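Q: Dropping the structure in here first, questions after.
The values are calculated or read from the model by the stated rules, or taken from the named source; none is laboratory data. Everything numeric here is computed off the predicted structure, so don't read it as measured data. Backbone-built Cβ (ideal geometry, glycine too); neighbour counts: all protein chains shown.
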Amino acid sequence: MKSVLDLQNKELDQIFHNQNDSQIKQDVVSVKIYNHEKIFDNNLIVVGMQGQRNQGKTFLLNSLINENFPSEFYVNTPGICMKYHNINGRNIIYVDSEGSNGPVQIDYEKNEHYQNLIRNQQNSEYDDKSIQLVNKYVTQKHQYQKVTEQMQQEFVISNSHILIIMLTNITQEDVNLIHSIQSYLKKEKNSTKKRIFVMHNLKDFRRQECIEKYIQSLKTLFPLRQQQITTFNKPLYQYNSVFIDTIYKNVNHLFMACQKSQAGEFYNKFALDYLKEEIAQFKGEIKFNAAEKFQEYLKDNIKNYLTLKMDDQKKANTDFFEFNQEHKIIQLKKNYQIDEPKELQMNIFGYIQREFSYSIVKKELKLYLLVDIPGSVKVDRHYKKSEGLFTLEINQKEQLEQTLGETIISTRKHDKTVQMFKICGKDKLYNLVKDECKDLKNGIHQFVFSEELDDDDEED
């Protein structure tokens, strides 16, 4: 999947392209799943690769499995790629992704609003409308890429037994990535069983003392403790230490230097052999059907990032995807189209955050906000229509416990939770349809908004 837009049902591609003013949709790349030799039928150890672009993820993969995928500076891994490897009878699947923070490619020449702007400028005419539409087009391109990158990251992180984070000469963006991954894993069950290796690919470092200074500076960024691995001894290994995060104890840091250098001879053999051994000795293989796993991930998460448009024949629901057996692709069902990315909030690490799982479905002139709120709760709502900002205040109901008797032990949170949703922008206003807002009694609360066609400006 090079972009979330690749999920668009192919039979609707041309219709979507003609109707969408943002002209985001260009080329269709199917989200394909292959299962050569029924690899996914085996018990597998899943190893995920993470990092920013051009940090050496594919180079490390080549070193681990002794193959030669393209890994030059200008060659990027497209979407999510999987590579099978067998070592000592253990079946391993490596899951590599395109990486984060890549440049956004924008084809201005194919954008109608950009062409209008250029023509008007040549005629010395100021075209504020075209400027706004071009800015919207560029903003959405960036949003789609951020959504694609984070969804790829989340899929790899959540499905990996072992996660390798690759970086070179650490930057604040790398620190943010590591912290965001740790923050994401906090919410996962059994996250402490996941092994995480941060591989510092210091390919421009040639001297041992430079690596030592780098490690000392790294200790000011992370709480690290050095530990020697006594099974890797001299004379075969000149170096045999890993650095363990004292807070996140399943996170280990390893170091590599320029291959043909004094530092490379000192650090590289241990880093690669130790990583190979940890992967081969991992206990806990699973059946990993990529098609089922990816479809399940999309079903649970796509609604957090995109607003979907549906035809007028179906009711809004939370089942958006299907697996096309003939073409082996995952795609949106025919009655759904991608409308636009949601206006998303970022945390301090630049990671898209959310309190509740929710979806926004567009049907004719109405928007359906479906929010998953488990448990017995009291929901208060506030809607500021002029800003398109909808706020929910969620309070757990204590009355249920109180009517049963005295509470002895409880892990239920009674604190108020506030979640805000951006329903629309200033260019298009929606009214809250109070009569259609309801608890669907299955953990999902429905809120309905209708597009305003007059000058009424009441707020709830």
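Q: Being farther than 28 Å from Phe294 by Cβ, in contact with a strand residue (DSSP E or B) (Cβ under 9 Å, 6 or more places away or on another chain) and either of a type outside the set (Ser, Thr, Tyr) or in a helix (DSSP H, G or I) (or both) is true for just one of Asn169, Asn91, Asn120, Asn116. Which residue is that?
A: The conditions single out Asn169.
Q: Taking only segment 236-288 into account, find how many residues are among the small types (Gly, Ala, Ser) and closer than 15 Å to Leu61 by Cα.
A: 2
Q: Just the residues that are touching a residue at least 60 places away in the same chain (Cβ under 8 Å) and of a type in the set (D, E, K, R), please, taken from segment 152-186.
A: Glu154, Glu173, Asp174
Q: Residues Ile92, Ile131: which one is among the aliphatic types (A, V, I, L, M) and over 30 Å from Ile279 (Cβ atoms)?
A: Just one listed residue meets the conditions, Ile131.
Q: If Asp128 satisfies every condition in (1) modelled with pLDDT of 85 or more; (2) more than 28 Å from the chain's Cα centre (by Cα) but one, which is the exception?
A: Status for Asp128: all satisfied but (1).
Q: What are the pairs, 6+ residues apart or on separate chains, where a residue within segment 95-110 that is outside the structural domain of Thr148 (by TED's automatic domain parsing) and more than 16 Å from Met151 (Cβ to Cβ) has its Cβ under 6 Å from a residue that is modelled with pLDDT under 75 and assigned to a helix (DSSP H, G or I)?
A: none
Q: Please list, ordered by residue number, the strands (runs of 3 or more DSSP E) wholly in segment 217-257 having 3 or more residues that are closer than 20 Å to Arg206 by Cβ and touching a strand residue (DSSP E or B) at 6+ places or on another chain (Cβ under 9 Å).
A: 251-257
Q: Additional query: Would it be correct to say that Lys385 is farther than 27 Å from Asn176 by Cβ, modelled with pLDDT of 80 or more and exposed (fewer than 14 other Cβ atoms within 10 Å of the Cβ)?
A: It is false that Lys385 is farther than 27 Å from Asn176 by Cβ, modelled with pLDDT of 80 or more and exposed (fewer than 14 other Cβ atoms within 10 Å of the Cβ).
Q: Would you mind telling me which numbered condition in (1) modelled with pLDDT of 95 or more; (2) over 30 Å from Asn159 (Cβ atoms); (3) not aromatic (Phe, Trp, Tyr) Thr220 fails?
A: Of the numbered conditions (1) modelled with pLDDT of 95 or more; (2) over 30 Å from Asn159 (Cβ atoms); (3) not aromatic (Phe, Trp, Tyr), the odd one out for Thr220 is (1).
Q: A further question follows. Please state which one of Ile302, Ile330 is in contact with a Leu (Cβ under 7 Å, 6 or more places away or on another chain) and either modelled with pLDDT under 80 or part of a helix (DSSP H, G or I) (or both).
A: Going through Ile302, Ile330 in turn, just one is in contact with a Leu (Cβ under 7 Å, 6 or more places away or on another chain) and either modelled with pLDDT under 80 or part of a helix (DSSP H, G or I) (or both): Ile330.
Q: Among what's in segment 80-119 and is among the aromatic types (Phe, Trp, Tyr) and within 21 Å of Phe155 (Cα to Cα), pick the residue that is surrounded by the fewest Cβ atoms within 10 Å (Cβ to Cβ).
A: Here the answer is Tyr84.
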